[in-house]
Amino acid sequence: MNALEIRNVTKTYPNFTLNHLDLTLPNGCIMGLVGENGAGKSTTIKLILNMVEKEGGTIRILGTDQEKDLHVTKQDLGVVLDEVGFPQCLDAKQIEKVLKYTFRNWDGALYRCLCRTLSVPMEKPFQEFSRGMKMKLGIIAALSHHPRLLLLDEATSGLDPVARDEVLSLLNEFTREEDHAVLISSHIVSDLEKICDYIAFLHQGTLLLCEEKDRLFEEYGILSCSKETLNALPPDAVKGVQLSPYGAKALVMRKRIPLGMDLSPVSIEELFLLMVKKNH
C-alpha cells in the first residue's frame, strides 16, 4: 500500500494554479518536495490536509479517501507546518499535557526523551523560543503520537546544522518501519539529498518530475562544453543550460550523449536549477 496517492489534483488562486498534480509516496520512503517560493509546496500539503479545497482530482492517505475519511486517518498523521501553532504562553511541559488528550497514541516518555535529545527546554514559554527551537518542538510533537505518515513543510528551516542533522537522523529512523513514510518540503536541498528516496520538483504550480533519487543520479549528468559542442548534441538530450562567456553548463541525459564525453555527477540542487531554466 502507498502512504500517499495524489491524482490529477488542481487548485486555482487568482495568480497561481497548481496544475494537475500527480504524486505517489510508497510506504517506507521519504519524498522531498523541491521548489522556489510560490511553487506550490505548501498548497500541496494543505490540500492533503483538506485545509484548502481542491477543484479536481483525488487524494488517498494511507489507503483511505481524503474527502471521506480524513477524520479516521488524522490520528496517523504527524504534521509540522511552516509556523508551529502552539499557545505562546505555554511551556513544553504544559503543551505535553494538552497533546496527551489530543492523540490516542500519545507517548509522553518519547516526547520527553526527544526534548532531551534535541535540547528543548521544558519550562521556558513557547513565545521565548527561537524559530529553530519552535520547529524542533513541532517535530517532537509530531513524532510523539506514533504517526504513520509525516507531513513536514519547511520543518528544517531555522535549525542550525547540528540540529538539522539530528532531525534528519530521526526521520531516517522513523522510516525504518515499513508502514511509515515522510513527505517533506525544504529550501535546503542538501538536506533532501541526504535523506530522500524520492524527489519531486515543483515549478510555478507544475510538477517537472517525480523520481527515485538514485535514478536521477543515474539518468542525468553535467556537461561542461563550448556552445558549438552544445549545439551539436541531440536536442532531446539537453534538459537545461546555463550559458556564460566561457561556454555552457548543460544538464543532459546520460544515455543520449555520445560515448567519450566527460560528464560530471549532478547534485539535486543543480538538477532543479537547470530544469527551471529550461522551463522559463
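The values are calculated or read from the model by the stated rules, or taken from the named source; none is laboratory data. Bear in mind that the values here come from a model prediction, so they are computed numbers and not experimental data. Using ideal geometry, Cβ is built from the backbone for each residue, glycine included, and neighbour counts are taken over all protein chains shown.
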**Prompt:** From the residues in region 18-42 that are modelled with pLDDT of 95 or more and β-branched (Val, Ile, Thr), which one is surrounded by the most Cβ atoms within 10 Å (Cβ to Cβ)?
**Reply:** Ile30
**Prompt:** Would you pick out the residues in region 243-280 that are at pLDDT 90 or above, over 15 Å from Ala232 (Cα atoms) and small (Gly, Ala, Ser)?
**Reply:** Ser264, Ser267
**Message:** What's the total number of residues in region 231-256 that are surrounded by 18 or more Cβ atoms within 10 Å (Cβ to Cβ) and hydrophobic (A, V, I, L, M, F, W, C)?
**Reply:** 6
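Residues checked against (1) free of Cβ contacts under 8 Å to residues at least 60 places away in the same chain; (2) in contact with a Lys or Arg (Cβ under 8 Å, 6 or more places away or on another chain):
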residue: Gln94; (1), (2): yes, no
residue: Tyr101; (1), (2): yes, no
residue: Trp106; (1), (2): yes, yes
residue: Tyr111; (1), (2): yes, no
residue: Arg148; (1), (2): no, no
residue: Thr156; (1), (2): yes, yes
residue: Asp179; (1), (2): no, yes
**Complete:** When Val80 is run through (1) crowded, with 16+ Cβ neighbours inside 10 Å; (2) out of contact with any Leu (no Cβ under 6 Å at 6 or more places or on another chain); (3) of a type outside the set (D, E, K, R), the failure sits at (2)
**Message:** Go through (1) among the charged types (D, E, K, R); (2) in contact (Cβ under 8 Å) with a residue 24 or more places away in the chain; (3) part of a strand (DSSP E or B) for Glu211 and report which single condition fails.
**Reply:** (2)
**Among (1) under 26 Å from Tyr13 (Cβ atoms); (2) more than 25 Å from the chain's Cα centre (by Cα) - the single one Val52 does not satisfy** = (2)
**Prompt:** Residues Ile199, Ile222, Ile184: which one is more than 30 Å from Ile48 (Cβ to Cβ) and either of a type in the set (Asp, Glu) or not in a loop (DSSP other than H, G, I, E, B) (or both)?
**Reply:** Ile222
**Item:** One residue from Glu83, Glu128, Glu96 being in contact with a helix residue (DSSP H, G or I) (Cβ under 7 Å, 6 or more places away or on another chain) and not small (Gly, Ala, Ser)
**Value:** Glu96
**Fill in**
Reported set for region 136-169 where residues are crowded, with 19+ Cβ neighbours inside 10 Å, more than 15 Å from the chain's Cα centre (by Cα), within 20 Å of Ala109 (Cα to Cα) and of a type outside the set (S, T, N, Q) is Lys136, Leu137, Gly138, Ile140, Ala141, Ala142, Leu143, His145, Pro147
